[in-house]
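The structure appears below as structure tokens.
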Amino acid sequence: MTEWLPIIMFATAFILILFGYPVAFTLGGVAFIFGVFTLGMDFFYALPLRIFGIVNNYVLIAAPLFIFMGITLERSGLAENLLESMGKLLGRIKGGLAYAVIIVGAMLAASTGIVGATVVTMGLISLPTMIKNNYKAELATGVISSSGTLGQIIPPSVVLVLLGSVLNVSVGKLFMAAVVPGVGLVILYLVMVLVITLLKPDWVPDTDMDQNRKSDLKLIKLLKPMILPFVLILAVLGSIFAGIASPTEAAAVGAVGAIVLAWMQGRMDLKTLKEIGRESTYLTSMVFMIFIGATAFSLVFRGLGGDHLLTEVILGSNLSSGGFVALVMALVFVAGFFIDFIEIVFIIVPVVAPIFKQLNVDLIWIGILLAVNLQTSFLTPPFGFSLFYLKGVAPSYISTGQLYRGIIPFVMVQLLVMSLLILFPGIIEWLPDLAGFE
């Protein structure tokens, strides 16, 4: 019976989280109870050293800096200006607003990386406009929900920073490896809108008339709001890819750049800075509290022999490395229906990472697969957080059923991309190899 204690502990934590208990305290509490009654109080003397290791981790400093950058840019009105300009540029194309939302979602992903802020902002600005221009509600909500999650995979991404830390791989290489899959997702989202336009022409107006009436504005004026985000993206990602700065140093550049952009937009004062700092501190504290709880959980899980048990089960079942990858991806996909991405990163990934190492699986490849999978978890009912964010700001006549139906084509795109990345690892490896990343 004692050999199954790690599995019982894992299941207990998972069930309590499903019932809505706070993740950090659930992980820490379950670990404490199982640890005290099986390993003794003395076992926890190792925990402070592990927590200090987290706090002292230089790479993880990038997480609060990217969070700060994202919140600052969201407060600067950047998304609103981008959507307005892109909508006017593409207004004459059938389905132009839908394309505009996807492109702006990708740009915001590369400059903010915060899903909630992106979905809420685009939901408030573009959803009423799309409905007013006779877009089918399912298409409008699907486009907004899916494009808002691109910040999970397009660097700089907080998810990639956390995965890099848990998998103990280079965050800079993860960023580089995520570029091609991220751009591929954007292109396939655009293709999906085109397919819907062709198959369901009644879902999309011929042109966005409200946008056309404003299309006489000068091109340079329409492109101006796009220049500043591109400069920030270039400063952050360019410094990493060129080897000038580490991800942490580039995150600091991004944070300062975001403050400058907000000031240039006339949206930065001492009161706003305090609000941004307060919100950034709240989100960062939440992430690190979960990290500490997960560290305690991982310590006890391994103390009970959970890692050895799983390794023996996997290796004893003669499951190939490919079969194990498929099993983990299926597990993460199903878990994404019920729990948040941070919980998956800190509960499931630390358990399976040692097995991946033992099976000689490329952890950069696994990191990108997990990032795409975790992005999908934002879109899958019943607990897809992107759907929750959009429902919270959508007009009352937009039903939950419409949200769920609208997201189906884009979840299919996600699954297609995941399948391609599993079958053709070179998609992920190509750019890092080209850049000479070791």
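The values are calculated or read from the model by the stated rules, or taken from the named source; none is laboratory data. Fair warning: this is a prediction, and the values are worked out from it, not measured in the lab. In this analysis, Cβ positions are derived from the backbone assuming ideal geometry, glycine residues included, and neighbour counts consider all displayed protein chains.
I'm trying to understand the selection: among the residues of the stretch 241-280, which are of a type in the set (Lys, Arg) and either in contact (Cβ under 8 Å) with a residue 24 or more places away in the chain or surrounded by 19 or more Cβ atoms within 10 Å (Cβ to Cβ) (or both)?
ARG267
Output the residues belonging to the stretch 56-67 that are among the hydrophobic types (A, V, I, L, M, F, W, C) and at pLDDT 70 or above.
First, the residues of the stretch 56-67 that are among the hydrophobic types (A, V, I, L, M, F, W, C): 59-63, 65-67.
Scanning the stretch 56-67 gives LEU60, ILE61, ALA62, ALA63, LEU65, PHE66, ILE67.
Give me a count of the residues in the stretch 400-438 that are polar (S, T, N, Q), farther than 18 Å from ALA330 by Cβ and without any contact (Cβ under 8 Å) to a residue 60 or more places away in the chain.
Within the stretch 400-438, the subset polar (S, T, N, Q) is 400, 402, 414, 419.
Filter again for farther than 18 Å from ALA330 by Cβ, leaving 400, 402.
After this cut, where a residue has to be without any contact (Cβ under 8 Å) to a residue 60 or more places away in the chain as well, the list is 400.
Result for the stretch 400-438: 1.
For the stretch 31-50, filtered to residues that are within 28 Å of GLY164 (Cα to Cα) and among the hydrophobic types (A, V, I, L, M, F, W, C), the residue that is surrounded by the fewest Cβ atoms within 10 Å (Cβ to Cβ) is LEU49. Determine, yes or no, whether ASP202 is farther than 30 Å from ALA371 by Cβ, modelled with pLDDT of 75 or more and surrounded by fewer than 21 Cβ atoms within 10 Å (Cβ to Cβ). Here the answer is yes, as ASP202 does meet what is asked. Taking the criterion of being hydroxyl-bearing (Ser, Thr, Tyr), crowded, with 24+ Cβ neighbours inside 10 Å and over 16 Å from the mean Cα position of the chain (by Cα), would at least one residue in the stretch 120-137 satisfy it? For the stretch 120-137, residues hydroxyl-bearing (Ser, Thr, Tyr), crowded, with 24+ Cβ neighbours inside 10 Å and over 16 Å from the mean Cα position of the chain (by Cα): present.
Identify the residue in the stretch 31-43 that is of a type outside the set (Phe, Trp, Tyr) and either touching a helix residue (DSSP H, G or I) at 6+ places or on another chain (Cβ under 9 Å) or within 20 Å of PHE14 (Cβ to Cβ) (or both) and, among all such residues, is modelled with the highest pLDDT. Looking at the filtered set, the residue picked out is ILE33. Scanning the stretch 410-438 for residues that are surrounded by fewer than 19 Cβ atoms within 10 Å (Cβ to Cβ), in contact with an Asp or Glu (Cβ under 9 Å, 6 or more places away or on another chain) and closer than 22 Å to SER147 by Cα yields a total of 0. Put simply, of LEU283, LEU331, LEU319 the only residue that is of a type in the set (A, V, I, L, M), over 24 Å from PRO155 (Cα atoms) and either in a helix (DSSP H, G or I) or at pLDDT 85 or above (or both) is LEU331.
Only a single item in (1) at pLDDT 75 or above; (2) part of a helix (DSSP H, G or I); (3) more than 23 Å from LEU273 (Cβ to Cβ) is not met by ILE93, and it is number (2).
Consider the stretch 391-438. How many of its residues are closer than 16 Å to PHE378 by Cα and acidic (Asp, Glu)?
Let us first name the residues in the stretch 391-438 that are closer than 16 Å to PHE378 by Cα, namely 391-392, 400, 403-415, 417-418.
Of the ones still in play, those that are also acidic (Asp, Glu) are none.
Count: 0.
Only one residue in GLY28, GLY70, GLY53 is in a helix (DSSP H, G or I), crowded, with 21+ Cβ neighbours inside 10 Å and modelled with pLDDT under 80. Which one? The conditions single out GLY70.
The residue that is modelled with the lowest pLDDT, counting only those in the stretch 78-90 that are under 20 Å from GLN265 (Cα atoms) and surrounded by fewer than 21 Cβ atoms within 10 Å (Cβ to Cβ), is GLU80. Only one entry in VAL179, VAL161 is buried (at least 24 other Cβ atoms within 10 Å of the Cβ), of a type in the set (A, V, I, L, M) and within 18 Å of LEU374 (Cβ to Cβ), namely VAL161.
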